[in-house]
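Read-outs: derived from the displayed coordinates by stated rules, not from any lab. Everything numeric in this text was worked out from a predicted model, so none of it was measured. Note that each Cβ is placed from the backbone with ideal geometry, even for glycine, and that neighbours are counted across all protein chains shown.
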Amino acid sequence: MNLNKMQLRLILYLYERKGFGTGVQVTTPVLAKHLNTSQQSASRIMIKLEKEGFIERRMVGRSCYVRLTEKAVNELSELYTELKRVIERPVEVVLEGRVFSGMGEGAYYISLPWYRDQIRKKLGFDPYPGTLNVNLLSWDAIQNRRIINKYADIVIEGYRDRNRTYGGAKAILASFNNSDLCAILYIERTHYGENVVEVVSPVYLRGKYGLTDGDKVRITVTLPASNLVIGGSDSKAAGEDKSQIVPGA
């Protein structure tokens with residue numbers, strides 16, 4: 001028997017009240033209120049579950065006591081295991097776009113010792129002196145870029161010299177074309193909009209993959225499930241829009 005939503009809610013109601021050990025006193029008005037249904041429907045749900053061997057009912061005077069069977073407990077345990085596996089699985093967020101040539105500023109900034117040393121220490125690799133510019137292909141990819149930005153927690157600090165101030169950036173590790181280590185940079189001062197990502201890598205990606213302007217590439221970020229906050233009161237309280245992730249955008 002495939003349990004429907006109402007049947008599962010009733011089983012959970014009993015489980016929360018230790019109904020797997022001793023019986024739980026149940027009345028149809030209380031159960032109907034909990035399930036947000038009519039008393040007749042609540043009664044039919046119990047009759048069906050009893051018939052299928054998920055619960056046992058007994059009368060003590062005028063009181064009805066309901067107990068979960070081993071079959072019901074096993075069903076819940078299997079469901080919990082499956083949900084835990086799915087919910088806790090890391091989520092891959094994909095950005096697809098086409099390569100384009102920038103103004104050459106990436107090579108200058110990445111070559112500066114202040115930035116290069118921080119990338120070595122914080123990202124764990126010696127960067128190729130330059131960034132790869134990728135123009136995102138879809139609205140979904142742009143949404144994913146915004147979401148990844150919320151979890152880019154590696155801070156590349158800016159600095160000031162005698163002549164000017166250099167802005168900072170945030171970064172997050174990723175993979176390039178499902179192969180090479182790279183990082184997406186969210187640069188404070190950039191000429192580009194949200195449709196563009198700038199990628200830094202320990203290798204010369206254009207050379208390794210023979211890329212020319214217009215070639216399609218794929219950047220993947222793996223977010224641990226424990227980090228994800230999708231919608232809900234937490235994100236609203238923080239004043240952030242953590243919209244739904246669109247895998248494989």
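Amide hydrogen proximity for Val203: with H placed 1.01 Å from N in the peptide plane, the residues at 5 or more positions away or on another chain lying under 5 Å are Tyr128. Using the Cβ of Lys71 as centre and a radius below 13 Å, the other residues enclosed give a net charge of -4, where K and R count +1 and D and E count -1. Once the convex hull of all Cα atoms in segment 5-87 is built, its volume per residue stands at 92 Å³. The angle between the Cα long axis of helix 39-51 and the main principal axis of the chain comes to about 90°, on a 0 to 90 degree scale. Here the peptides 7-15, 110-118, 154-162 are ranked by packing, the mean other Cβ count within 10 Å, and the order with the highest first is 7-15, 110-118, 154-162. Each residue of segment 134-146 was assigned a 3J(HN,Hα) from its phi angle through the Karplus expression (A = 6.51, B = -1.76, C = 1.60, θ = phi - 60°), giving 10, 8, 5, 8, 9, 4, 4, 5, 5, 4, 5, 4, 5 Hz with x at Gly and Pro.
Taking the DSSP bridge list for the chain and keeping only pairs wholly inside it, about 100 percent are antiparallel.
Structural descriptor for segment 1-157: relative contact order 18 percent, calculated from alpha carbon pairs under 8 angstrom and at least 6 residues apart.
Distance from the C-alpha centroid of segment 161-220 to that of segment 63-79: 53 Å, rounded to the whole angstrom. Rg over Rh for segment 91-237 works out to 0.96, both radii taken from alpha-carbon positions and Rh defined as the Kirkwood radius. Computed from the alpha carbon positions, the gyration tensor of the chain leads to an equivalent ellipsoid with semi-axes of 57, 18, 16 Å, biggest first.
Exposure proxy for Glu105, Glu188: other Cβ atoms within 10 Å of each Cβ, ordered fewest to most, give Glu188, Glu105. In this structure the amide hydrogen of Tyr166, modeled in the peptide plane, comes within under 5 Å of the amide hydrogens of Tyr159, Arg160, Asp161, none closer than 5 places in sequence on its chain.
Multiplying the residue separation of Glu56 and His34 by 0.36 nm and subtracting their alpha-carbon distance yields 6.0 nm. Annotation: amide H-H contacts under 5 Å for Thr131 (H modelled 1.01 Å from N, sequence separation of 5 or more, or interchain): Gly106, Ala107.
Cross-link partners for Lys122 among the aspartates and glutamates, with Cα-Cα distance under 15 Å and sequence neighbours closer than 8 places in the same chain left out: Asp153, Glu157.
For segment 86-103, backbone phi angles converted through the Karplus equation (6.51, -1.76, 1.60; θ = phi - 60°) give residue-by-residue couplings of 6, 5, 8, 6, x, 9, 8, 10, 10, 10, 10, x, 10, 5, 9, 7, x, 9 Hz, Gly and Pro being listed as x. Computed 3J(HN,Hα) for segment 66-72, one whole-Hz value per residue from the Karplus formula 6.51 cos²θ - 1.76 cosθ + 1.60 where θ = phi - 60°, is 10, 10, 6, 8, 4, 4, 5, glycine and proline marked x. Projecting label points 7 angstrom from Cα along Cα→Cβ for Asp117 and Thr222 puts them 3.2 nm apart.
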